[in-house]
1. Can you give me the number of residues within the range 198-234 that are within 12 Å of the ligand (Cβ to nearest atom) and under 15 Å from the mean Cα position of the chain (by Cα)?
2. Just to check your reading of the model, which residue among Gly178, Gly158 is away from the ligand (no atom under 16 Å from the Cβ) and exposed (fewer than 15 other Cβ atoms within 10 Å of the Cβ)?
3. For the range 46-81, which residues satisfy the criterion of being touching a residue at least 24 places away in the same chain (Cβ under 8 Å) and polar (S, T, N, Q)?
4. Identify, please: which residue in the range 40-51 is farther than 19 Å from Asp244 by Cα and not basic (Lys, Arg) and is, among those, surrounded by the most Cβ atoms within 10 Å (Cβ to Cβ)?
Amino acid sequence: MARKPLIAGNWKMNLNHLEAINLVQKLAFSLTDRDHDAVEVAVLPPYTDLRSVQTLIDADKLRIVYGAQDLSRHDAGAYTGEISGAMLAKLGCTYTLVGHSERRQYHHEDEAVCNAKVKAAYRHSLTPILCVGEGLPVRQESRHVEHTLAQLDGALDGVPADQAKTIVIAYEPVWAIGTGEVATPKDAQEVCGAIRTRLAELYDGEVAAAIRILYGGSVKSDNIAGIMAQPDIDGALVGGASLDQGEFVKICRFGE
Ligand code: PEP
């Protein structure tokens with residue numbers, strides 16, 4: 001079965017709940033049924049916006065889906081400040097990011113943490129969008145494929161095929177995130193192709209063919225077309241540009 005492209009907007013720590021409603025309303029106004037038939041559009045607001053986004057999307061039966069930017073590896077208990085998968089599921093989230101490079105960098109999330117979070121997401125029927133990708137020094141040493149595949153292996157350790165076949169992988173080279181420096185389509189395809197090959201080794205060809213692999217890192221309306229033309233890239237994880245309604249809609253239309 002063909003993989004439906006996914007364009008997911010990571011709002012990061014931006015927009016209060018009123019601004020969130022405003023942006024989702026504008027997106028809903030611009031996106032047509034034709035857009036939604038062609039592409040799955042997701043927004044990933046801060047936790048504090050989720051209830052407002054849920055209320056709007058449910059009330060107007062919008063076809064935009066939503067998720068969180070992180071979740072706790074624990075399900076409940078004395079973990080001050082954390083948000084569980086159960087809480088996100090109760091708010092109607094479809095997705096949760098796991099292992100975004102900003103979590104890895106500022107919160108020291110390693111493969112074991114990412115693995116626990118992937119499993120926590122599945123315990124609550126959330127679909128993880130697992131972020132992997134190398135920093136600049138690793139790229140300069142040409143170890144980017146090996147590094148990214150090691151992150152993938154670690155995060156998927158012990159995850160059964162029936163769960164893994166629904167995961168979304170986002171290849172996000174850290175040097176391209178928020179820098180304006182986008183990977184070339186060829187560079188992005190090199191790693192995304194290697195990810196799919198590794199998924200076939202870890203599981204099988206059918207599972208690997210079902211999994212959507214996104215590219216993320218300074219995606220804009222003027223570079224998305226080249227990225228989407230690559231055979232192993234099934235969409236984009238968009239940071240900064242997802243806060244601009246007009247730009248995000250153009251990205252959802254692959255630049256047209
Ligand atoms: C991101 O936050 O995942 C991201 C890709 O950011 P940006 O598009 O701003 O580079």
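Nothing in this text is a laboratory measurement; each read-out follows from the coordinates by a stated rule. Model, not experiment: these values are computed from the prediction. Reconstructed Cβ throughout: ideal geometry from the backbone, glycine too, with neighbour counts over all protein chains shown.
1. The number of residues fulfilling the criteria is 6.
2. Gly158
3. Correct list: Thr48, Ser52, Gln54, Gln69, Ser72.
4. The residue in question is Tyr47.
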